[in-house]
Structures are given as C-alpha cells and as structure tokens.
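J.: Below is one structure. I have some questions about it.
The values are calculated or read from the model by the stated rules, or taken from the named source; none is laboratory data. The shown structure was predicted, so the numbers you read here are calculated from the model rather than taken from an experiment. Reconstructed Cβ throughout: ideal geometry from the backbone, glycine too, with neighbour counts over all protein chains shown.
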Protein chains: 2
Amino acid sequence: MISFHYQNATAGRVGSDHGLSDVELDEAIARTGSLCSRFAQDAEKGTHGFMRLPRDRSTPAGVSAFARENRGRFRNFIQIGIGGSALGATAIHAALSHRFHNETDARPRFYVLDNVDPEETRALFDVVEPRETLVHVVTKSGDTTETMAGFLVALRRLKDALGDGWKKNLVVTTDPGKGFLRTFAREEGVPAFDLPEPVGGRFSVLTPVGLLPAAMLGIDPALLLDGASAMEAKCRRADPRTNPGYLFALVAHLLDTKRGKRIHVMMPYARALRDVGDWFRQLWAESLGKNPQVGPTPMLALGTTDQHSQVQLFNEGPNDKYVILLECEKFRQDVTVPEALPANAPPAFLQGRTFSQILAAMKSGTETALVQNRRPNATLHFEEISAASLGACFYLLEAATLYAGWLYGVNPFDQPGVEAGKKAAFALLGKPGFSPTAPLPEDPRYVVV
Amino acid sequence: MISFHYQNATAGRVGSDHGLSDVELDEAIARTGSLCSRFAQDAEKGTHGFMRLPRDRSTPAGVSAFARENRGRFRNFIQIGIGGSALGATAIHAALSHRFHNETDARPRFYVLDNVDPEETRALFDVVEPRETLVHVVTKSGDTTETMAGFLVALRRLKDALGDGWKKNLVVTTDPGKGFLRTFAREEGVPAFDLPEPVGGRFSVLTPVGLLPAAMLGIDPALLLDGASAMEAKCRRADPRTNPGYLFALVAHLLDTKRGKRIHVMMPYARALRDVGDWFRQLWAESLGKNPQVGPTPMLALGTTDQHSQVQLFNEGPNDKYVILLECEKFRQDVTVPEALPANAPPAFLQGRTFSQILAAMKSGTETALVQNRRPNATLHFEEISAASLGACFYLLEAATLYAGWLYGVNPFDQPGVEAGKKAAFALLGKPGFSPTAPLPEDPRYVVV
C-alpha cells in the first residue's frame with residue numbers, strides 16, 4: 001500500500017559526503033536493529049498509547065454509530081481544537097474529501113477552528129448558522145486556552161440560538177476522567193468521546209479526535225484503522241531491513257547526525273496529501289526537538305507548486321536538507337490535457353498527456369536534479385490515496401517517530417519547551433495563579449519605524 | 001504603518017553567543033551601510049524592475065478600469081499561474097478578503113490554480129461553471145508547463161461552453177513582447193496585461209499579476225501602490241539606522257552567517273497574514289539560496305496555531321533559527337469571549353477578554369520564552385492590515401531581499417537551480433528538443449514494502 005524508497009539517500013547515488021554508505025548502514029543496523037524487537041514487544045503490550053489504537057474496534061463502532069445518528073441533521077461541522085486536536089482531522093479531510101468540499105452540496109460542511117484569530121473566528125460565524133451546526137470540542141487536557149476561547153464563543157451562540165436544546169449540537173473528545181471539559185460534559189449530559197490518557201495529542205489522530213470528523217464526513221473509521229493495523233504489523237518486523245518504521249527513522253537520524261541534514265522536508269506530489277505533511281511537521285518537531293538542542297527541523301513543501309518557490313534553494317543552497325517526496329501511483333481522478341490549440345503551438349506537446357503523467361514527470365525531474373546536486377532524498381510511494389493507505393501512513397510515521405526518539409535518545413512523548421510561553425501568556429491574561437512579570441523595556445535604538 | 005523591532009536579536013537580550021552585539025552592529029553598518037545610498041540611486045534610476053512599480057500609476061488605472069467593466073459579470077475568478085504568478089495574488093486575497101470569501105455572497109468567488117494535481121483540477125471544474133468564470137492566465141515566460149496545462153483545460157472548457165464568445169472570459173498577464181501567451185493573446189484578441197520584462201516573477205505582486213486579482217476582489221490597486229511608495233521612501237533612507245529594508249536584511253544576514261541561524265521562520269500572529277509568509281518563503285528562498293551553497297532557509301509558522309506544533313522545537317531544539325514574528329495592533333474585527341459559564345469554571349478567566357488580547361498575550365508569551373531560551377527573534381509590527389500596509393510590507397520585503405542579495409554576494413534575481421529538474425521533466429513529457437536519459441535503476445535493497 002505504501003512503500004519507502006531510500007536509494008537516493010545512499011552514497012551510491014549522492015556520494016559519501018552526503019549519502020549513507022552500505023557499510024555505515026550495516027553498522028548502524030547491527031548497532032540499533034534490535035529496536036525492532038523492542039518495538040514489537042512494546043506493541044504487544046501496548047506500552048505506548050498510540051500502539052493500542054489499531055486493534056481497538058469499539059471506538060470506531062461508537063464513533064460510526066454517533067455519525068449515523070447525527071450526520072443528516074447538520075449542515076455544518078466545526079472541530080474546535082489546536083495542534084494534535086486539529087491537524088489530524090484536517091489531514092483526513094484534505095486527503096479524502098473533495099478539494100472544494102464546502103462549495104459542493106456535500107453535508108456537513110467542514111471547518112476546523114485552531115486559532116484565536118479575531119477576524120477568522122468572526123468570519124466563521126458569518127457563514128455557519130449555530131442551529132445547523134455540530135460543534136466538536138477537542139482537548140486532551142480539557143482546558144487548552146485557545147480551545148476554551150473558541151468553545152465559549154460557540155457555546156454562547158448555541159445557547160442563544162437553541163435555548164435548552166444546545167446540548168444536541170455539541171460533542172466533546174477529551175480525557176476519560178480528568179479535566180474541566182470531562183466534568184462539564186458529565187454534568188451537562190453532553191455526548192463525550194475518550195482521548196485515552198496514554199495517547200499524546202500529536203499521536204491521537206486514530207482516536208475520536210480524528211475518527212469522529214472522519215465519520216461525520218462519511219469516511220469509515222474502521223478503514224483508517226485497518227490500514228494502521230496492516231502497517232503496525234510491518235513496523236513490528238524483527239528484520240530491520242524490512243521494517244519501514246525503523247528504516248524511515250534510521251535514514252533520517254543518520255542523515256541529520258552524520259551528514260548535517262538537519263532540515264527534513266516532506267514534499268507531497270499530491271494536493272490531497274499536503275496536510276499529512278503539516279500533521280507530520282508537528283509530530284516530528286514536537287517529538288524530537290528536545291533539550292539538549294537536538295532534533296531535525298521539519299519543513300513542508302508541495303509539488304509541483306513549490307518547485308517554483310523552494311527547489312532553487314534545495315538544489316543550490318546549503319546542502320543541509322533531506323527531502324522526503326510523497327507520490328501517488330493512481331489518482332482517484334485524472335484530467336487529460338485536451339486539444340485546445342493547433343499542433344504547432346508550443347504548449348501542444350502537452351495535449352493528450354494526463355495531469356498525473358505531468359505530475360509524475362515533475363516529481364521525477366525534481367528527484368533527478370536533487371541527485372545531480374548530491375542532495376539526499378527518498379520517496380514514500382502510495383499506490384493510492386484511501387482511508388486505508390492514510391491510516392497506514394499515520395501509523396508508519398508515528399512508529400518512525402518512536403524509533404527516532406530512541407535513536408536520538410529523547411522522550412518523544414513530552415513537550416516541556418512549551419510551558420514557559422504559556423505561563424507568560426497566562427499571566428498577561430490574568431489566569432488565577434499566574435503573576436505577571438514586568439515586560440522587557442524596549443530600547444528605541446532597535447526599532448525602525 | 002509597519003515597524004521593525006529587533007532588540008530581541010541583540011546580545012543584550014539573548015547573549016552574545018546567539019545575539020548581535022552593539023559593536024558588531026556598528027561595525028557591520030560602517031562596512032555595509034553605504035548600500036543604502038546604492039539602493040537610493042538604483043531606485044531613482046529604476047535599475048531593478050520592482051523599483052519602478054510603486055510610482056507607476058497607469059497600470060493600476062488600467063487594471064481598475066478592466067475590473068470595473070468585468071467584475072459584475074462573473075461569479076468566479078480563477079488565476080492560473082504558479083510560484084510568483086500565484087503567491088502574491090493568494091497573499092492579497094487572504095489578507096484583505098473575508099476568511100471564507102467563497103462561502104459568502106461576495107462575487108466573484110476566487111480560486112488560484114497553481115499545480116497540476118489531477119484531483120484538484122477536476123474538483124475546481126466541479127464547482128465553477130465556465131460561462132460564469134473569468135480566467136486570468138499568468139506566466140512571465142509565456143509557456144510555464146504547469147500553467148499551460150491548466151490553461152489548455154480552461155480554454156477547452158471555455159470554448160465548449162461559449163463557442164466564439166470564449167475570449168470574453170479570458171485575460172492574460174505576461175511579458176509585453178515575448179513568449180507564446182503574448183503571441184496567442186495578440187492573434188486572438190484576448191485582453192492582455194504586461195508583466196514588464198525587468199520584473200522577476202517573485203517580485204511581480206505589484207504588477208497586474210497581483211493587482212488584477214486585487215481589483216477583481218474590490219481592492220483598490222492604487223492603495224497597494226501607495227503603501228509600497230511610502231515604504232520605498234523609507235528603504236531609500238541614507239541613514240542605515242533608520243532604513244527598514246537594510247536593517248531587516250542586515251540582522252538576518254548577520255544572524256545566519258555569524259551565529260548559525262540558518263533557518264528564518266516567519267510567524268504571523270494573524271491568520272490574514274499567513275500567506276504573506278508563504279509569499280516571502282519564495283522570495284527569500286529563491287532569491288538567496290544560491291551556489292556556492294549559501295542562503296537562509298525560510299520557514300512558515302502561524303501563531304498561535306503552531307505554538308502547538310513548532311514552538312517546542314524552536315525553544316529546545318537546535319538554536320539555529322531566527323524567528324520573525326508578525327503582529328497586528330488593531331484587527332478589523334474582534335470577538336469578546338462571552339459569559340457562557342459560571343465564574344468558578346476554570347476557563348471563566350477568559351470571559352470578557354477579547355480574542356485580540358488573547359492573541360497578543362500568546363505572541364508575547366512566545367517572545368518571552370524565545371528570549372529566555374536565548375533564541376533570537378524580531379517583530380514586524382502592523383498598525384493594521386490594509387491594502388496600504390500590505391503594499392508596504394511587500395515592498396519592504398522585496399527591498400530587504402535586494403539588500404540581502406548584496407550582503408550575501410548573490411544575484412537575487414536569477415534561479416539557475418531549477419533548470420536541471422525542468423529539463424528532466426521535459427524529456428519525460430516528450431517536449432521537442434529534450435531527449436530522455438535512462439532512468440536510474442532501482443536496487444530493491446533500498447526499498448521497503
């Protein structure tokens with residue numbers, strides 16, 4: 001369903017200054033290949049929360065039942081959440097819905113509110129009528145500031161529009177036992193799904209965080225889990241040479257730490273997979289970017305669009321990048337360039353070609369140029385884009401993140417580096433228990449007006 | 001209108017290992033400050049194409065006249081272009097239109113086709129009816145492959161729907177004299193605007209490439225140019241200490257080359273400015289990423305959204321980034337968090353706060369944490385988001401790019417590193433004059449299925 005091709009990251013292709021030699025790969029595998037058994041054991045026991053999800057069949061059943069009852073009632077669906085509570089839902093929607101879903105007749109229309117931008121928030125409520133809207137509030141802790149701000153706005157609007165009936169337009173996903181949102185849902189009798197405690201936010205796409213919006217869009221959550229399950233079996237393989245989770249992590253880790261490829265670019269050649277890249281950006285950055293100053297910097301680029309924006313830099317700028325190209329073998333729809341000009345017109349050579357051929361040629365051209373310029377790269381090849389292949393991709397990258405955490409020697413499940421900024425913001429907002437520190441005075445010498 | 005605040009990039013704030021000392025800034029200004037006079041002279045003469053645009057008043061007048069005649073006729077507007085022919089139009093639309101413009105009653109609805117994705121292209125023509133659609137084809141060279149593919153699809157559909165009337169639904173912007181699209185427009189009598197020869201694609205937002213879509217959206221192109229003109233005056237200032245274009249470039253260049261801050265993150269705390277960041281990503285990457293392996297790598301992040309995705313990495317990962325925060329003082333609309341919960345509920349501390357206050361507190365918190373972690377950063381402060389401030393921002397960043405080109409010693413106006421990939425793709429597509437090379441054979445040892 002998905003295969004990983006890393007020959008262009010080897011010395012044979014890009015030279016030993018920038019690519020990995022066979023000896024080096026052999027040695028690294030000899031040294032760290034036993035992580036595959038460790039992963040298999042952990043997966044067996046469900047040591048890490050995300051590992052328990054592919055085999056869970058009651059959650060998709062519950063989510064599907066909820067969607068069956070509610071899908072026809074609503075013109076709009078809004079997910080209020082941020083970070084891991086938004087990115088997975090967005091990625092599923094982008095991969096599996098119509099590109100202009102909200103402008104078709106499909107229902108419900110789909111929105112994600114993952115910011116506290118005043119103009120965006122106002123604009124959202126310009127186009128959705130609360131009565132016709134199901135609001136899904138998602139927060140692991142139960143009180144994420146941005147999510148609570150959006151929730152309060154939505155709750156007020158639902159109450160104003162529906163009186164006591166507001167509870168029928170709200171559903172939440174949060175920790176099963178703890179936090180404000182859980183208490184609220186229990187006390188008010190609002191339907192609530194579980195974000196199981198051991199599953200971190202950025203590993204939560206295969207919980208109701210991602211499965212409920214999927215089901216509301218008519219996507220079968222069980223298919224996402226089927227794909228994840230098939231990939232889980234591969235990521236448990238004891239033979240490191242055939243284990244895609246381990247090898248994805250190993251190549252990335254070696255290129256970063258041994259060849260200075262500190263920037264890991266994910267570049268899908270399929271618009272539908274763009275937001276998988278954005279989801280991965282959080283997963284890779286927040287899991288691996290840790291004290292003491294380690295971790296690759298993930299970047300997102302889109303083929304072919306960003307060939308006209310970033311590829312100049314990738315080919316001639318600092319050789320500090322590892323580009324992971326995503327490609328799709330068979331698109332769900334294709335377009336043939338029609339006969340619209342005489343055969344002697346310069347663009348006529350395109351007539352009769354399909355868009356998928358052009359996209360594939362562009363991807364191949366980029367790959368060729370990267371190799372010529374000795375820039376290591378690899379390809380994640382999708383046979384097709386489907387709920388199953390997407391579920392497989394999510395699990396592959398989550399497994400790779402755990403393997404990478406082990407290789408980098410960091411805990412991929414925490415995020416201590418976001419606390420300082422939160423505290424400073426809370427103090428400014430007058431949150432009880434946080435006392436403001438004096439703002440840093442600004443010296444006008446460093447201001448240009 | 002826009003001010004640049006760089007104290008957080010100084011040694012006084014983040015220490016001398018990561019920030020710039022006063023002595024170092026003084027020396028750098030003594031050494032390179034004369035570039036300000038060079039810029040002023042060049043601007044006076046119009047040496048570089050983009051410098052001629054702010055004072056051009058006939059182009060906005062022509063574009064506005066075209067929009068007045070045509071705006072009411074169309075339900076849809078599609079810009080077909082890629083790279084510099086798409087990013088500026090997208091940035092203007094995102095900054096100055098309703099966030100969900102296409103779902104409001106506003107006309108025309110607005111689309112940018114900047115890829116050859118088969119599914120996306122099909123999806124676009126699912127939701128637009130060719131008869132009701134104005135297609136704006138934009139390519140500097142006149143025959144960009146992706147743009148031509150989209151153009152051929154659109155042209156066929158217009159001809160099929162409208163017969164001989166198709167010309168009324170098409171307008172092009174391209175080189176005034178050269179290239180296929182110019183010839184085509186001349187021969188067929190299609191309305192055509194000029195992308196003046198000396199203006200590079202990524203510097204073209206203030207030509208009809210960006211001004212025509214602006215005018216079609218009801219945005220006055222003259223206001224964009226007014227803002228650019230005001231900023232041009234600042235970027236010509238002979239005193240380097242007060243010249244925002246020079247200082248923006250100098251701080252970035254010194255942090256990259258003297259402190260290893262090779263990744264330049266633009267992080268708007270305003271959803272409306274997100275795509276200005278995407279536009280800047282092309283400008284900075286393609287202009288400065290040059291042989292011999294120089295140039296910073298631009299990244300885009302969005303506040304507060306990416307606090308939950310990237311900030312962990314920014315605070316604790318490798319100290320190799322310079323974060324340029326964008327903030328807006330006065331939003332066009334605000335939202336007050338309503339009373340929706342009892343005062344003892346944990347999120348109730350937010351009630352009565354405005355979203356712009358929360359966003360500002362979050363930005364300030366991020367800034368504080370970056371400083372505590374000794375990560376250099378700066379702020380580009382917008383009094384408001386308007387056509388004028390946006391025009392000023394475009395010009396500021398273009399001027400900074402030229403200054404940075406001088407500082408890095410590269411030509412910011414070429415992009416030789418994209419040719420190899422294009423040639424390989426052309427060969428695969430059978431473009432006359434390009435012969436295919438044998439594809440690199442794949443060794444199954446480096447494939448994981």
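J.: Just to be sure, is A:G179 surrounded by 23 or more Cβ atoms within 10 Å (Cβ to Cβ) and assigned by TED's automatic domain parsing to the domain that holds A:N115?
T.: no
J.: For the stretch A:251-271, give me each residue that is facing chain B (nearest Cβ under 10 Å) and touching an Asp or Glu at 6+ places or on another chain (Cβ under 6 Å).
T.: A:R262, A:I263, A:Y269, A:R271
J.: Consider B:L211 carefully, then state whether it is out of contact with any Lys or Arg (no Cβ under 9 Å at 6 or more places or on another chain) and assigned to a helix (DSSP H, G or I). Don't jump to the end; show me each part of the working.
T.: Details: out of contact with any Lys or Arg (no Cβ under 9 Å at 6 or more places or on another chain): yes; assigned to a helix (DSSP H, G or I): yes.
Against the criterion (out of contact with any Lys or Arg (no Cβ under 9 Å at 6 or more places or on another chain) and assigned to a helix (DSSP H, G or I)), B:L211 qualifies.
J.: Restricting to the stretch B:8-51, give me the number of residues that are touching a helix residue (DSSP H, G or I) at 6+ places or on another chain (Cβ under 6 Å) and either at positive phi or free of Cβ contacts under 8 Å to residues at least 40 places away in the same chain (or both).
T.: 2
J.: Output the residues belonging to the stretch B:67-82 that are closer than 14 Å to B:N169 by Cβ, crowded, with 19+ Cβ neighbours inside 10 Å and within 25 Å of the chain's Cα centre (by Cα).
T.: Within the stretch B:67-82, B:N76, B:F77, B:I78, B:Q79, B:I80 meet the criteria.
J.: May I ask you to list pairs of residues, at least six apart or on different chains, whose Cβ atoms are under 7 Å apart, with the first in the stretch A:282-293 being in the same structural domain as A:G88 (by TED's automatic domain parsing) and the second being assigned to a strand (DSSP E or B)?
T.: Note: no pairs meet the criteria.
J.: Follow-up. Go through the stretch B:126-146 and report how many residues are out of contact with any strand residue (DSSP E or B) (no Cβ under 7 Å at 6 or more places or on another chain), surrounded by fewer than 23 Cβ atoms within 10 Å (Cβ to Cβ) and of a type in the set (D, E).
T.: Here the count works out to 3.
J.: Inside the stretch B:69-180, counting only helices (runs of 4 or more DSSP H) that do not spill past its ends, which hold 1 or more residues that are more than 19 Å from B:P213 (Cα to Cα)? Break it down stepwise before answering.
T.: On the way: elements: B:87-96, B:118-127, B:145-162.
Passing ranges, in order: B:118-127, B:145-162.
J.: Looking only at the stretch A:230-245, which residues are more than 18 Å from the chain's Cα centre (by Cα) and more than 9 Å from chain B (Cβ to nearest Cβ)?
T.: Scanning the stretch A:230-245 gives A:A230, A:A233, A:C235, A:R236, A:R237, A:A238, A:D239, A:P240.
J.: So, in the stretch A:304-334, of the ones that are closer than 23 Å to A:A387 by Cβ, touching a Lys or Arg at 6+ places or on another chain (Cβ under 8 Å) and in contact (Cβ under 8 Å) with a residue 40 or more places away in the chain, which residue ends up surrounded by the fewest Cβ atoms within 10 Å (Cβ to Cβ)?
T.: So, considering only residues that are closer than 23 Å to A:A387 by Cβ, touching a Lys or Arg at 6+ places or on another chain (Cβ under 8 Å) and in contact (Cβ under 8 Å) with a residue 40 or more places away in the chain, the one surrounded by the fewest Cβ atoms within 10 Å (Cβ to Cβ) is A:E327.
J.: Now a separate question. Looking at A:A149, A:A154, A:A123, which is the one that is buried (at least 19 other Cβ atoms within 10 Å of the Cβ) and touching a strand residue (DSSP E or B) at 6+ places or on another chain (Cβ under 8 Å)?
T.: One residue alone meets the criteria, A:A154.
J.: Kindly state which helices (runs of 4 or more DSSP H) lie completely within the stretch A:336-430 and contain at least 1 residues that are in contact with a Leu (Cβ under 9 Å, 6 or more places away or on another chain) and either closer than 22 Å to A:V265 by Cβ or more than 7 Å from every other protein chain (Cβ to nearest Cβ) (or both). Steps first, answer last, please.
T.: Numbers: elements: A:355-372, A:387-408, A:419-428.
By residue number, A:355-372, A:387-408.
J.: Looking at (1) at positive phi; (2) more than 23 Å from the chain's Cα centre (by Cα); (3) touching a residue at least 24 places away in the same chain (Cβ under 8 Å), which is the one condition that is false for B:G189?
T.: (3)
J.: Of the conditions (1) touching a Leu at 6+ places or on another chain (Cβ under 7 Å); (2) among the hydroxyl-bearing types (S, T, Y); (3) within 13 Å of chain B (Cβ to nearest Cβ), A:T90 clears all except one; give me its number.
T.: Evaluating A:T90 over (1) touching a Leu at 6+ places or on another chain (Cβ under 7 Å); (2) among the hydroxyl-bearing types (S, T, Y); (3) within 13 Å of chain B (Cβ to nearest Cβ) leaves (1) as the failure.
J.: Right, here's the next one. Which of the residues belonging to the stretch B:3-47 are over 14 Å from B:V251 (Cβ atoms), of a type outside the set (S, T, N, Q), outside any helix (DSSP H, G or I) and assigned by TED's automatic domain parsing to the domain that holds B:N319?
T.: Result: B:G15, B:D17.
J.: A further question on this structure: Between A:A343, A:A361, which is more than 30 Å from A:L225 (Cα to Cα), without any contact (Cβ under 8 Å) to a residue 40 or more places away in the chain and surrounded by fewer than 21 Cβ atoms within 10 Å (Cβ to Cβ)?
T.: Working: A:A361 fails: surrounded by fewer than 21 Cβ atoms within 10 Å (Cβ to Cβ).
None of the others qualify; the one that does is A:A343.
J.: Can you name every residue in the stretch A:1-24 that is of a type in the set (A, V, I, L, M) and either more than 9 Å from chain B (Cβ to nearest Cβ) or surrounded by fewer than 21 Cβ atoms within 10 Å (Cβ to Cβ) (or both)?
T.: Selection gives A:M1, A:A11, A:V14, A:L20, A:V23.
J.: OK, next. If I filter the stretch A:1-20 for residues that are under 19 Å from the mean Cα position of the chain (by Cα) and at pLDDT below 95, do I get at least one hit?
T.: So far as the stretch A:1-20 goes, yes, one or more of its residues are under 19 Å from the mean Cα position of the chain (by Cα) and at pLDDT below 95.
J.: Does A:D160 satisfy being closer than 20 Å to B:E339 by Cα, within 11 Å of chain B (Cβ to nearest Cβ), at pLDDT 95 or above and surrounded by fewer than 22 Cβ atoms within 10 Å (Cβ to Cβ)?
T.: Yes.
J.: As an exercise: evaluate B:P376 against (1) touching a His at 6+ places or on another chain (Cβ under 7 Å); (2) within 30 Å of A:E188 (Cβ to Cβ) and give the number of the one condition it does not meet.
T.: Here B:P376 clears every test but (2).
J.: Which residue pairs have Cβ atoms closer than 6 Å, lie 6 or more positions apart in sequence or on different chains, and pair a first residue in the stretch A:246-258 that is over 13 Å from A:I324 (Cα atoms) with a second residue that is of a type in the set (S, T, N, Q)?
T.: No pair meets every condition.
J.: Suppose we filter B:D114, B:D175 for residues that are away from chain A (no Cβ under 13 Å) and within 23 Å of A:T304 (Cα to Cα); which single one remains?
T.: B:D175
J.: Tell me yes or no: at least one residue of the stretch A:270-278 is part of a loop (DSSP other than H, G, I, E, B), of a type outside the set (S, T, Y) and over 25 Å from A:L359 (Cβ atoms).
T.: No: zero hits.
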